[in-house]
Amino acid sequence: MKKMILLATSTATFLTFLLYSLAATAQYDKAYIDSIYTRLDTTKFDTIKMRCLLKIGLFYLHENPKKSSSYFDQAYALPLAYSPTEQGYRAVAACGISQVYEQTNNLPQAKVWLMKAYTHTQKTTDPLAIDKVYEQLSTYYRDNDRYDSALYFSQKMIQLWDSLKNPAKLPAAYYGMANLFQRLQQYQKANTYLLLTEKAIRQTKGDDAAELLSVYSTKAEIHALKREFDSCIFYSNLAYPIMVRETAVDDLGMLQSVKARAYIELHQYQNAQAAAQEAYQLAINNQQLSILPQICVSLAISKSFLGQKDSALWYANTAEKYFAAGNKSKEDEVSIYNMWAAVYTAQGNITKALYYKTKELEAYKQFKAEELSTITARSEVEFETAKKQATITNLETQAQQQKTIQSLIIGALILSSIIAILAYTSFRSKKKAAEMLEQSNREKEVFLKEIHHRVKNNLQIISSLLYMQFKDVNDGALLAKLKQAQDRIKSMALVHNKLYEKQDVVHVYLKEYIQDLATGVISSNTPLGTEIRVNIEEKTPIRLTLDTSISLGLIVNELITNSCKYAFQNKAAGTIHITLDQENTNYKLVVKDDGIGFTQGQAPTQTLGIRLVNNLARQLNGSAQFSNQQGTVATIVFSDAAAA
């Protein structure tokens with residue numbers, strides 16, 4: 001599911017809704033604005049003029065930014081006697097001018113005026129003015145990926161209203177923090193602040209307050225991103241009646257689109273179709289073109305699995321047209337290929353389904369590679385910026401040291417202060433660099449886990465498609481070959497599953513992997529009436545890299561399969577012994593059964609499975625040997641230069 005669509009319902013923050021509720025309700029109320037103009041023209045008091053100018057500027061902020069700017073400019077230039085209250089008014093005016101520049105995409109000037117607004121907040125005690133500037137600063141830094149600064153000002157908002165014992169203002173501050181942690185994908189912290197938001201809303205406005213809509217919608221988004229689809233649907237259903245009651249039709253279409261995708265992931269295609277159909281009608285009626293592609297994808301998939309072939313194809317083609325009309329990204333390509341794979345799977349067209357699954361995997365890898373590259377580049381820029389700032393600080397410190405020489409006593413005091421500052425700056429710089437590196441490593445680890453998870457899922461889909469093909473095959477020999485191919489695919493999928501489950505996303509722990517692999521192969525290949533046990537001995541713990549583990553897993557799959565098929569004919573029970581050992585830089589795998597063995601002088605070298613074992617051993621810079629020792633013994637010696 002596309003993150004941009006999931007995050008879109010949070011772009012108009014709850015705090016902004018509270019700040020501008022008066023302007024929203026009066027946007028088209030001519031009587032309201034006329035009364036403000038009359039008050040402005042008749043008053044003789046500059047403070048009342050200031051308030052009127054700010055109200056008019058706020059009224060036109062979104063409808064007519066240019067007109068709004070003229071009133072904010074007049075308010076900021078109005079001569080008032082210096083006082084904390086006057087500084088609060090100027091902070092609000094400067095913040096309004098900054099918002100106008102932001103709406104007209106003049107970001108440098110938007111920042112200049114925002115910094116002026118912040119300067120005024122240092123000289124006022126007006127909590128509403130301070131809160132407004134803090135909120136705007138948090139939004140500015142968030143939109144420019146400066147999340148440390150955005151979190152700082154959101155926390156300042158919480159501290160402000162908490163210190164003033166004003167619970168009515170706390171929900172907005174809590175929600176701002178939740179929104180930031182959601183963007184940072186720190187979902188546990190986001191949920192913590194959402195719980196605080198919900199509690200504060202219920203305490204101040206009741207259990208059916210309209211503001212709960214933002215909490216429920218955001219919780220639904222977070223659960224969807226975490227692939228907790230039952231919880232996503234639960235919170236979507238809580239948000240739905242509030243949206244209907246408040247006639248929030250734009251958000252309603254988006255919510256139903258999210259719910260439809262969740263139902264699809266749960267294979268509840270009838271519910272998915274109903275939600276997507278409602279979302280489609282709402283999006284068409286309200287010209288929400290940005291969410292139509294994903295809605296059409298949901299309709300195409302749900303209708304395919306409900307047997308509505310023609311309708312599904314129409315929505316699939318419509319989705320492609322909508323995607324093509326916009327700026328199609330790699331993430332969009334993943335959605336398109338996933339849609340076609342699902343459509344053709346539902347229709348039983350295995351060839352096309354496999355083709356689009358392969359295309360989906362390629363597009364997903366490219367999308368994740370681009371995302372990882374962007375994050376890495378951003379981290380490098382932040383690190384270089386920190387280094388430059390540290391250099392500037394050091395130069396300024398050296399200049400300060402030269403000045404302190406003028407007085408021995410004062411110089412000694414300043415010198416000690418500078419040393420402390422340098423030590424602290426160095427510590428902070430190193431700590432910041434370490435935190436950035438740690439964050440980058442965590443993000444890379446998450447992306448690697450996602451790729452392993454996606455590869456495992458696609459291999460399992462291919463295995464399932466082969467199983468579906470079994471139903472159409474009557475040839476016993478061909479069926480056996482398809483079964484062998486399915487077992488080989490499962491052995492590769494198991495490697496990626498192990499890497500996805502473990503903290504170490506690079507190495508496979510060999511004994512655990514072979515234990516799971518052997519259990520699966522024996523359960524699917526043991527003849528009726530025969531009990532086969534497996535014993536695995538690992539003399540020292542061994543872990544191998546991904547490529548080596550896949551090749552070794554295929555070798556073990558072939559050897560155990562051969563033992564199950566041929567070693568225990570006419571026997572009620574048998575045992576397969578597997579020994580793992582490390583010899584200097586090489587590794588040795590021994591697979592031995594206590595079965596009938598092979599005829600002396602006729603080693604099993606001509607079958608496809610044994611040829612595959614020999615070829616794979618050579619790829620591992622090793623060799624395979626077979627012998628009779630009260631059963632068949634296969635000895636594989638190989639190397640893994642990258643293993644730890």
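Observations, loosely collected:
- Sites Q185 and I418 - FRET efficiency at Förster radius 51 Å, r taken between beta-carbons, to 0.05: 0.80
- Extension gain from S623 to E537, taking 0.36 nm per residue of separation minus the Cα-Cα distance: 28.9 nm
- Relative contact order (%) - the stretch 144-235, alpha-carbon pairs under 8 angstrom, separation at least six: 20 percent
- Fully extended contour minus Cα-Cα distance, from D207 to A31, at 0.36 nm per residue: 60.0 nm
- Remark: relative contact order (the stretch 259-355) = 23 percent; criterion is Cα-Cα distance under 8 angstrom and separation of 6 or more residues.
- Calculated FRET value between A168 and N349, using beta carbons and R₀ = 41 Å, to 0.05: 0.10
- Förster radius 35 Å - calculated FRET efficiency between N317 and E265 (Cβ-Cβ, nearest 0.05): 0.90
- Projecting the Cα positions of W113, N144, L128 onto the charge dipole of the stretch 92-163 (unit charges on Cβ atoms of Lys, Arg, Asp and Glu, taken about the Cα centre) puts W113 furthest along the positive direction.
- Note on L306 and A81: their simple-model spin labels are 7.2 nm apart, each label 7 Å out from Cα toward Cβ.
- Placing +1 on the Cβ of every Lys and Arg and -1 on the Cβ of every Asp and Glu, with nothing else charged, gives the stretch 166-307 a dipole about its Cα centre of roughly 320 debye.
- Using only side-chain charges placed at the Cβ, +1 for Lys and Arg and -1 for Asp and Glu, the dipole size of the stretch 96-240 relative to its Cα centre rounds to 340 debye.
- The peptide list 133-141, 333-341, put in order of mean Cβ contacts within 10 Å with the highest first, becomes 133-141, 333-341.
- Counted charge near S149, where neighbours are those whose Cβ lies closer than 11 Å (Asp, Glu -1; Lys, Arg +1): +1
- The stretch between T425 and F45, if pulled fully straight at 0.36 nm per residue, gains 131.8 nm over its current Cα-Cα span.
- For F598, solvent-accessible area (1.4 Å; no DNA, RNA or ligand), Å²: 40 Å²
The values are calculated or read from the model by the stated rules, or taken from the named source; none is laboratory data. If you're wondering where the values come from, they're calculated on a predicted model, not measured in any experiment. Note that we place each Cβ from the backbone using ideal geometry, even for glycine, and neighbour counts take in every protein chain shown. Areas reflect the complete protein model, heavy atoms only, side chains present, ligands, DNA and RNA absent. Shrake-Rupley method; radii C 1.70, N 1.55, O 1.52, S 1.80 Å.
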